[in-house]
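Just so it is clear, none of the values below were taken in a lab; they were calculated from the coordinates. Fair warning: this is a prediction, and the values are worked out from it, not measured in the lab. In this analysis, Cβ positions are derived from the backbone assuming ideal geometry, glycine residues included, and neighbour counts consider all displayed protein chains.
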Protein chains: 4
Amino acid sequence: MKKRDLVTKTLIQVRFSEVDSMGIVWHGNYIKYFEDGREEFGNKFGINYLDFRNRGILIPIVKIGCDYKRPLIYGDFAVVETRFVNCEAAKIQYEYTLSHHKTHEIVATGSSTQVFLNLNRELLLDFPPFFLEWKKRNGLIAGH
Amino acid sequence: MKKRDLVTKTLIQVRFSEVDSMGIVWHGNYIKYFEDGREEFGNKFGINYLDFRNRGILIPIVKIGCDYKRPLIYGDFAVVETRFVNCEAAKIQYEYTLSHHKTHEIVATGSSTQVFLNLNRELLLDFPPFFLEWKKRNGLIAGH
Amino acid sequence: MKKRDLVTKTLIQVRFSEVDSMGIVWHGNYIKYFEDGREEFGNKFGINYLDFRNRGILIPIVKIGCDYKRPLIYGDFAVVETRFVNCEAAKIQYEYTLSHHKTHEIVATGSSTQVFLNLNRELLLDFPPFFLEWKKRNGLIAGH
Amino acid sequence: MKKRDLVTKTLIQVRFSEVDSMGIVWHGNYIKYFEDGREEFGNKFGINYLDFRNRGILIPIVKIGCDYKRPLIYGDFAVVETRFVNCEAAKIQYEYTLSHHKTHEIVATGSSTQVFLNLNRELLLDFPPFFLEWKKRNGLIAGH
């Protein structure tokens, strides 16, 4: 079975309202850029917020991290690379690399972890069947 | 019947993340300050978002406006005065005055209008009974 | 002299973080969408924030307004039409029309007004020469 | 020398605009809550953004992390505990604990790291004298 490369690239344009008084993008906005990347990934590969929500599953973020390397300024374009991390626990993990669009210099790296809840907000300890099938289809489970 | 003065004053502290690259509060954040004022009003007088929501009524904003007079900078404190405007149509209207906490200079003025929807998002052309009672209790309906 | 149609259309995708607990875009985010439109206009026609800033002129917003017609939900695409309004006073005015991308239904309309300040934040009562030239080039001043 | 306990507690009220379509605070807003805590700490202990800025030093965030334990909903009050972490490298580190105001249950924990830049945005490898003095005054440097 051919494995797809589970990664997307999302173009970001820095908005005026995202820049702080030091003239650079306020650090909290990178969390939004990562979400832009994660949403494009979910849309492309069929595992976005609504794909889960329509099956009665919530996928809240439980952990987020960001390392800032270089500033972004007003008018900059950047690319978020969102990469699916295959983990054995009942979680969804992504790694993010944010780069300048022109120079390809790395601006920031980050990661996020999501868990599965039912609509009563109870933690699901096993992969939901829908997601298990998705992992199989993408060659992410050994023996399949 | 003694009329209460239907107004609240809400203290605002400018956050670092609210200041733009010109060193002043980004204009879109004033809409948030007005909402802070509106929520305090709603909590104090018993007509907040949840008071309506629990009765099956949504109160979305349909009109907003803001006039900017003076800038706010990082570290400034300001006061939002939120004043209920008694209107005869099935709407909720507020007027806002944002002032410097120390100097009392006016920073901005604004207004908002909300309508009533049921949970199917259909417009209600009459005041919901709950709100009609509220208006009576506050001496806002002639003859009461 | 041929007049250019001073209007831009900017595609917007609703972000997850822009949707509120009623499942629709929080009203304050429309101010950001208008700014997205205004920035695209400024970039296309050479009168963006930096074009002024590099000539020692600040162009803060002094008035904003928005009328909300229909909600936007998560995943929606919308188009901001940004139209330059030719006014005789030393101001920059825009009108905005936000529409659903597919249905073309109008979601919101709005407007903004900006003034000219020097770097001491003093109001300029006349058009800056740079902007006067721009208006002439675009056939916006009678007799030219 | 008596050591002060280098910690502040900051009360947060969840804003309507901070809640997402799942009815809980959008995860990116916790970064703002941590900043609220960090600013109160900086104001109380004399090491805020402007204390550095006025000495020609910028203190950008280079690393941030957050672990989410429980959701916050609209109307909740929470407390950010901001604790200074004494580190030997030329950095400023804080740890944050966000708790429900009433139940004291932990909502989230997090951390941030800042570095020192001069106004040319060059990294300073040593503590700025102003900050070294501050550390001495607070008994954070051995032998003092």
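Structure values in brief
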item: Extension gain, A:R70 back to A:T103 (0.36 nm per residue minus Cα-Cα distance, nm); result: 10.7 nm
item: Total charge dipole magnitude, the range C:40-141, about the Cα centre, Cβ charges on Lys, Arg, Asp, Glu only, Debye to nearest 20; result: 120 debye
item: Table column - 3J(HN,Hα) (Hz), the range C:9-20, Karplus curve with 6.51, -1.76, 1.60, x for Gly and Pro; result: 10, 10, 7, 10, 10, 5, 8, 3, 6, 8, 9, 9
item: For A:L72, distant residues with modelled amide H under 5 Å away; result: A:V25
item: FRET efficiency for C:Q13 and C:L125, using Cβ-Cβ distance with R0 set to 30 Å, rounded to 0.05; result: 0.15
item: Folded to 0 to 90 degrees: helix B:29-45 orientation relative to chain B principal axis, Cα; result: 40 degrees
item: Normalised convex hull volume, the protein assembly as shown, alpha-carbon set, Å³ per residue; result: 204 Å³
item: Subset of C:K44/D:K63; B:K63/B:K135; A:K102/D:K69; A:K63/C:K63 violating a 31 Å alpha-carbon distance limit; result: C:K44/D:K63; A:K102/D:K69; A:K63/C:K63
item: Mean ellipticity per residue at 222 nm, deg cm²/dmol - from DSSP H runs of n ≥ 4 across chain B, formula -39500 (n - 2.57); result: -6500 deg cm²/dmol
item: Selected from B:V85, B:I24, B:W134, residue furthest toward positive end of dipole (the range B:1-142; charges at beta carbon); result: B:W134
item: Separation of the D:V85 and A:A142 label points, Cα + 7 Å toward Cβ, nm; result: 3.4 nm
item: Spatial separation of Cα centroids for the range D:1-72 and the range C:53-93, in angstrom; result: 32 Å
item: Loop-located trypsin sites (Lys or Arg not before Pro) in the range C:1-58, at most 10 other Cβ atoms within 10 Å (DSSP); result: C:K2, C:K3
item: Rounded to the nearest 20 debye, dipole of the range A:1-90 from Cβ charges on Lys, Arg, Asp, Glu; result: 360 debye
item: Candidates per GluC sites (Glu not before Pro) in the range D:53-144, loop by DSSP, up to 13 other Cβ within 10 Å; result: D:E88, D:E105, D:E122
item: Residues B:N54 and D:E95, FRET efficiency given R0 of 35 Å [Cβ-Cβ distance, rounded to 0.05]; result: 0.35
